[in-house]
Amino acid sequence: MTTSDLNNNEYLPYFKGYIDHAKGLELLPGLQVSAEAALNFFQSISLDKLNYRYAEGKWTIKEVISHLIDCERVFCYRALRFSRNDKTVLAGFDENDYVDWSNANDRTIDDLLEEYSSVRKATITLFKSFTEGSLLNKGVAGSGEVSVRALGFLVIGHEKHHINVVKERYL
């Protein structure tokens, strides 16, 4: 299954840009390949750049990594709930508040990347457990409906988006 299998009603238009970043990737191999690429990329950044902000009020690279971890957990929580046919409407979240409370800049890069790796391993295991039918399940999170499989592609595409931002604005 690739992003071309998704229907437009499986995610909000806001997420299309993220979904497009996962274009051409199969879901499970894409989760693995994107994790390896992200780890290699973040490990290649010099330590003196990790707390850099390209403008006032923007996140540091460490905060970007923390943001990726938090969002992946949120996306997986939603995927789990919807895969189990839970029809509870789930609230959105303010990613800026999460970053503000993350203490990412006080952590080592090794610690952040260890957490990132653990979360991604759990994500892959979770998505392996889903049946073809449960991947099609949808639920409402934040301001709209999203499918389980779209959430998996969001993990990949959201990460790619932020890596591109780091490459363009931080390095």
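The values are calculated or read from the model by the stated rules, or taken from the named source; none is laboratory data. None of these values were measured; they are calculated from a predicted model. Every residue, glycine as well, gets a Cβ built from its backbone with ideal geometry; the counts of neighbours run over all protein chains shown. Heads up: the accessible areas ignore ligands, DNA and RNA and are worked out on the full protein's heavy atoms, side chains in. Shrake-Rupley method; radii C 1.70, N 1.55, O 1.52, S 1.80 Å.
Summary table below
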| read-out | value |
| --- | --- |
| HN-Hα J in Hz across the range 158-163 - Karplus 6.51, -1.76, 1.60, θ = phi - 60°, x for Gly and Pro | 5, 4, 4, 4, 5, 5 |
| Reach of LYS138 by Cα under 26 Å, taken over lysines that are not fewer than 8 positions away in the same chain | LYS16, LYS23, LYS87, LYS121, LYS128, LYS160 |
| Gyration tensor verdict on the range 73-129 (Cα atoms; rounded if a/c is under 1.5, prolate if a/b is larger than b/c, oblate otherwise) | oblate |
| Total charge dipole magnitude, the chain, about the Cα centre, Cβ charges on Lys, Arg, Asp, Glu only, Debye to nearest 20 | 380 |
| Computed [θ] at 222 nm, helices only, for the chain once each DSSP H run of length n ≥ 4 contributes -39500 (n - 2.57) | -19000 deg cm²/dmol |
| Residue-by-residue Karplus 3J(HN,Hα) for the range 133-141, coefficients 6.51, -1.76, 1.60, Hz, glycine and proline x | x, 5, 5, 8, 4, 10, x, 9, 9 |
| Per DSSP, loop chymotrypsin sites (Phe, Trp or Tyr not before Pro) in the range 74-117 with at most 11 further Cβ within 10 Å | TRP101 |
| The chain: relative contact order as a whole-number percent, Cα under 8 Å and 6+ apart | 41 |
| Under Karplus coefficients 6.51, -1.76 and 1.60, residue-wise ³J(HN,Hα) of the range 116-129 in Hz, glycine/proline x | 4, 4, 5, 5, 5, 4, 5, 4, 4, 4, 4, 5, 5, 6 |
| 5 angstrom amide H check on ALA141, placed H, neighbours 5+ away | LEU90, VAL146 |
| The range 1-66: GluC sites (Glu not before Pro) in DSSP coil with no more than 11 other Cβ atoms inside 10 Å | GLU56 |
| Whether the range 107-171 is rounded, prolate or oblate, judged on the alpha carbon gyration tensor where a/c under 1.5 counts as rounded | oblate |
| Per DSSP, loop trypsin sites (Lys or Arg not before Pro) in the range 18-61 with at most 16 further Cβ within 10 Å | LYS23, ARG53, LYS58 |
| Exposure of PHE15 as accessible area (Å², to 10), given a probe of 1.4 Å and all protein chains | 30 |
